[in-house]
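Worksheet: the structure to be examined is printed underneath.
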Amino acid sequence: MREILAALLLGLPAAAAAQSRPPIDTVIGSIEKVHSFSETAVSPDGRRVAWVEDLTPAGESGPTAIWATELPSGKAVRVSAAAGATSEAHEAGLAWSPDSRTLAFLSDARSHGQVQLFTTDLASPPRKVTAAEGQLDHPRWAPDGRRIAVLYVAGSTQAAGALVAYKPDAGVVGDSTDEQRIAIVDVASAAIKEVSPANMWVYDYDWSPDGAWFAAEATEGSGTNNYWTAQLYTVDAVSGETKSIWKPSLQLAVPRVSPDGQWVAVIHGIMSDEGANGGDVYVASARGGGVTNVTPGLKGSARSLLWISPADLLVNEFTDGDCRLVTHRIGRDGNAQASTSAGKTASGQYVTALSASKDGGVVAAVVQSFHHAPEVYAGRDLGTAITSVNAAVVPSWGEAKSLHWKSDEYVIQGWLLYPQPFDPSRKYPMVVSVHGGPSAAHFATFPQRWTAVLPSQGYFVLLPNPRGSFGGGAAFAEANVKDFGYGDLRDILAGIDAAAKEAPVDTSRVGITGWSYGGYMAMWAVTQTNRFKAAVAGAGIANWQSYYGQNRIDQWMLPFFGASVYDDPAIYAKSSPITFIKHVKTPTLVLHGDRDSEVPTPQGYEFWHALKTLGVPTELVIYDGEGHAISKPDHQRDLLRRLVGWFDKYLQ
């Protein structure tokens with residue numbers, strides 16, 4: 001009935017209106033055909049490359065496949081510890097030996113879910129090296145080629161990280177005593193020895209060129225909660241003696257030791273999630289002699305980095321919506337002497353999983369855009385695709401335009417996705433999708449979930465990167481500190497006007513959605529304005545004061561609010577949707593995972609309960625067994641159907 005009424009209002013035949021919207025399950029099925037890639041690894045000599053392909057839409061939580069090939073044009077071969085190279089294993093963690101002959105990787109294929117370390121020369125079946133009990137991650141060969149370091153959580157059966165579904169509490173509740181330590185595996189004997197201190201959680205690390213010590217990004221206490229206080233350490237590879245060489249003001253990521261052992265390069269900046277990197281590049285003296293910002297004034301955010309010579313640092317930078325590879329030459333004083341473009345990336349492309357040969361002559365990465373699904377590229381300039389897994393996937397959305405608009409003192413960048421099919425003579429509803437984080441961004445990625453489904457159903461989708469996002473420099477990324485919701489909402493509202501100037505958007509039919517911080521922004525927006533006619537809030541925060549005591553990662557809030565809720569409750573109340581809840585008139589659908597430790601379900605209940613009490617149309621949907629990320633395919637499909645149905649009800 002809705003389609004017939006819409007057709008009459010638009011002066012179109014009902015049959016034409018129906019044909020313009022493919023069945024949502026057809027679109028979801030197309031999305032689920034897209035395979036992503038989570039890693040690439042170029043051998044030190046540049047002659048081989050390996051990569052990890054995710055075999056299900058659920059991503060890394062599902063089966064994966066490791067592939068390897070000779071460069072420049074060899075045939076890809078499957079590398080697997082599973083008998084017959086089946087797809088029923090999770091395999092990742094690629095590391096080439098210094099002589100480029102042996103690939104190490106992690107697999108749960110032979111151990112009923114327990115990950116173990118394997119090695120292979122690609123010509124022989126993989127050899128199982130370890131018999132560990134616990135979580136293994138991040139294998140790295142020692143320079144001598146006889147040892148492999150790993151990150152090891154002995155005895156743990158719970159995957160690390162705040163995104164996974166947490167185990168329900170029972171009995172006396174307390175902090176986890178698990179610690180992720182650097183352990184060294186002797187390849188010949190399979191002996192494993194934990195090296196870093198037992199009271200310390202190591203997030204990432206790198207060998208020194210002589211194999212005598214490690215650089216480590218680590219913290220004392222809970223690894224889930226204390227990432228935001230991590231320091232840069234050196235760890236002796238024999239004694240485990242640990243020394244802090246930098247206590248940063250903000251967050252650290254990807255410590256990498258220069259080939260001469262003089263420097264440890266890191267990314268430093270305000271980062272709201274461990275693993276979602278963005279900031280400036282710093283180099284610290286390995287002897288503790290000082291720290292230098294290599295990229296001062298960068299109007300972007302470094303995402304990853306690699307040393308390709310004792311003086312050259314290859315950095316993947318995200319700037320104004322685009323990725324670019326830049327080589328920074330580091331002088332003896334730690335300052336960047338020169339910066340040059342490296343690698344071939346075009347406007348509107350997104351680059352991840354960057355790896356390189358020892359001399360940087362060959363690079364590999366996962367490259368994608370709004371209209372080209374992810375594939376692995378490798379070669380001298382990232383110019384050659386070596387996979388074609390997603391070649392047959394057809395986008396269900398139209399054009400993608402990069403927009404810029406003024407808001408306060410900032411120029412904001414964002415993306416506008418067009419509906420498919422598109423008729424320029426009519427106006428369309430639009431949904432604003434706010435990214436999570438807040439330290440993150442909408443990148444030029446091949447759309448998934450609602451950014452893929454909504455355009456196929458006749459919606460424009462606006463993907464803004466407001467203040468607090470990566471891509472505009474350190475000051476821009478910190479511009480929402482102590483100001484959650486205020487400046488970033490002004491940026492988003494200005495973006496709606498910019499989109500309406502660019503395309504036939506019906507500004508009387510605009511909705512808003514998002515997950516995590518994006519879910520918070522959806523909740524916040526409907527308490528501040530009636531401009532949105534419908535909202536869908538996923539894993540959003542309704543009340544920063546109660547949230548502080550409910551979540552298991554309260555340390556992340558200190559850099560953004562400046563104090564704990566107990567020391568400054570007013571700063572938390574100022575940005576809480578619940579403070580302004582009586583202003584809400586917008587119908588709001590609330591979605592949540594029932595075992596979410598990052599944003600516990602009481603936040604969803606609190607917002608839903610308030611709207612229900614106030615007579616505002618609302619629904620609350622809880623997905624059982626899910627953490628902060630909804631990963632089960634059935635739940636993902638249900639979520640998309642509900643989201644489209646909600647916006648259809650109030651915007652079409």
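The values are calculated or read from the model by the stated rules, or taken from the named source; none is laboratory data. Keep in mind that what you see is a predicted model, and the values were worked out from it rather than measured. Neighbour counts run over all protein chains shown; Cβ positions are idealised from the backbone, glycine included. Side chains included, ligands, DNA and RNA excluded: accessible areas come from the protein's heavy atoms. Shrake-Rupley method; radii C 1.70, N 1.55, O 1.52, S 1.80 Å.
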### Query
Out of all the residues in segment 446-454, is one or more surrounded by 18 or more Cβ atoms within 10 Å (Cβ to Cβ) and of a type in the set (Ser, Thr, Tyr)?
yes
### Task
Filter segment 334-357 down to the residues that are crowded, with 16+ Cβ neighbours inside 10 Å and hydroxyl-bearing (Ser, Thr, Tyr), then identify the one that is modelled with the lowest pLDDT.
THR345
### Task
Would you mind listing the strands (runs of 3 or more DSSP E) fully within segment 310-392 where at least 2 residues are over 22 Å from GLU70 (Cβ atoms)?
312-319, 322-330, 336-341, 349-356, 363-369
### Query
Which residues, taken from segment 625-652, are over 23 Å from ASP54 (Cα atoms) and modelled with pLDDT under 95?
GLN652
### Query
Is one or more of the residues making up segment 313-333 small (Gly, Ala, Ser), within 20 Å of SER208 (Cβ to Cβ), surrounded by 18 or more Cβ atoms within 10 Å (Cβ to Cβ) and in contact (Cβ under 8 Å) with a residue 40 or more places away in the chain?
no
### Query
Consider TRP263 against the criteria (1) closer than 19 Å to THR352 by Cα; (2) at pLDDT 95 or above: it satisfies all of them except one. Which criterion is unmet?
(1)
### Scan of segment 405-418 for residues that are in a strand (DSSP E or B) and under 21 Å from ARG449 (Cβ atoms), ordered by number
GLY414, TRP415, LEU416, LEU417
### Filter result for ASP488 (free of Cβ contacts under 8 Å to residues at least 60 places away in the same chain and either farther than 26 Å from PHE422 by Cβ or open to solvent by less than 10 Å² (accessible area, probe 1.4 Å) (or both))
yes
### Query
Is segment 629-644 home to any residue that is out of contact with any Phe, Trp or Tyr (no Cβ under 7 Å at 6 or more places or on another chain), of a type in the set (Ser, Thr, Tyr) and touching a residue at least 40 places away in the same chain (Cβ under 8 Å)?
yes
### Query
Has segment 565-584 got any residue that is within 25 Å of the chain's Cα centre (by Cα) and open to solvent by 40 Å² or more (accessible area, probe 1.4 Å)?
no
### Task
Collect the residues in segment 571-584 that are assigned to a loop (DSSP other than H, G, I, E, B) and of a type outside the set (A, V, I, L, M, F, W, C), keeping them in residue-number order.
SER575, SER576
### Query
Within the group TRP556, TRP608, which residue is surrounded by 15 or more Cβ atoms within 10 Å (Cβ to Cβ), free of Cβ contacts under 8 Å to residues at least 60 places away in the same chain and either assigned to a loop (DSSP other than H, G, I, E, B) or not β-branched (Val, Ile, Thr) (or both)?
TRP608
### Query
In this structure, does PHE422 turn out to be buried (at least 22 other Cβ atoms within 10 Å of the Cβ) and either outside any strand (DSSP E or B) or among the hydrophobic types (A, V, I, L, M, F, W, C) (or both)?
no
### Message
Return the residues of segment 253-280 that are under 19 Å from ALA479 (Cα atoms) and in contact (Cβ under 8 Å) with a residue 40 or more places away in the chain; say none if nothing qualifies.
### Response
GLY269, ILE270, MET271, SER272, ASP273, ALA276, GLY278, GLY279, ASP280
#### Entry: LEU493 under 22 Å from the mean Cα position of the chain (by Cα) and in a helix (DSSP H, G or I)
no
### Query
Taking segment 585-600, which residues are part of a loop (DSSP other than H, G, I, E, B) and either surrounded by fewer than 17 Cβ atoms within 10 Å (Cβ to Cβ) or not polar (S, T, N, Q) (or both)?
LYS585, PRO587, ASP594, ARG595, ASP596, GLU598, VAL599, PRO600
### Query
Any residue at all in segment 372-393 that is touching a helix residue (DSSP H, G or I) at 6+ places or on another chain (Cβ under 9 Å) and of a type outside the set (Lys, Arg)?
yes
### Task
Go through SER107, SER36 for me and flag whichever is hydroxyl-bearing (Ser, Thr, Tyr), buried (at least 19 other Cβ atoms within 10 Å of the Cβ) and over 22 Å from the mean Cα position of the chain (by Cα).
SER107
## Note on the structure
So the strands (runs of 3 or more DSSP E) completely within segment 85-158 holding 1 or more residues that are more than 18 Å from ALA41 (Cα to Cα), touching a Ser or Thr at 6+ places or on another chain (Cβ under 8 Å) and modelled with pLDDT under 95 are 134-141
### Query
What is the one condition in (1) open to solvent by 20 Å² or more (accessible area, probe 1.4 Å); (2) modelled with pLDDT of 95 or more that ALA392 does not satisfy?
(2)
### Message
Please pick out the residue among THR527, THR513, THR507 that is crowded, with 16+ Cβ neighbours inside 10 Å, on the phi < 0 side of the Ramachandran plot, of a type in the set (S, T, N, Q) and assigned to a strand (DSSP E or B).
### Response
THR513
### Query
From the residues in segment 111-123 that are farther than 16 Å from VAL187 by Cα and not hydrophobic (A, V, I, L, M, F, W, C), which one is most open to solvent (accessible area, probe 1.4 Å)?
HIS112
### Query
How do the pairs read when you match residues in segment 110-125 that are free of Cβ contacts under 8 Å to residues at least 40 places away in the same chain with residues anywhere that are part of a strand (DSSP E or B) and open to solvent by less than 50 Å² (accessible area, probe 1.4 Å), using Cβ under 6 Å and keeping only pairs 6 or more apart or on different chains?
VAL115/LEU106; VAL115/LEU136; PHE118/PHE105; PHE118/SER107
### Task
Give segment 613-630 a look and list any residue that's open to solvent by less than 40 Å² (accessible area, probe 1.4 Å), out of contact with any Leu (no Cβ under 9 Å at 6 or more places or on another chain) and on the phi < 0 side of the Ramachandran plot, or say none.
VAL616, GLU626
### Summary
Per the filter on segment 393-404, residues of a type in the set (A, V, I, L, M, F, W, C), in contact with a Pro (Cβ under 9 Å, 6 or more places away or on another chain) and either in a loop (DSSP other than H, G, I, E, B) or without any contact (Cβ under 8 Å) to a residue 12 or more places away in the chain (or both) are TRP397
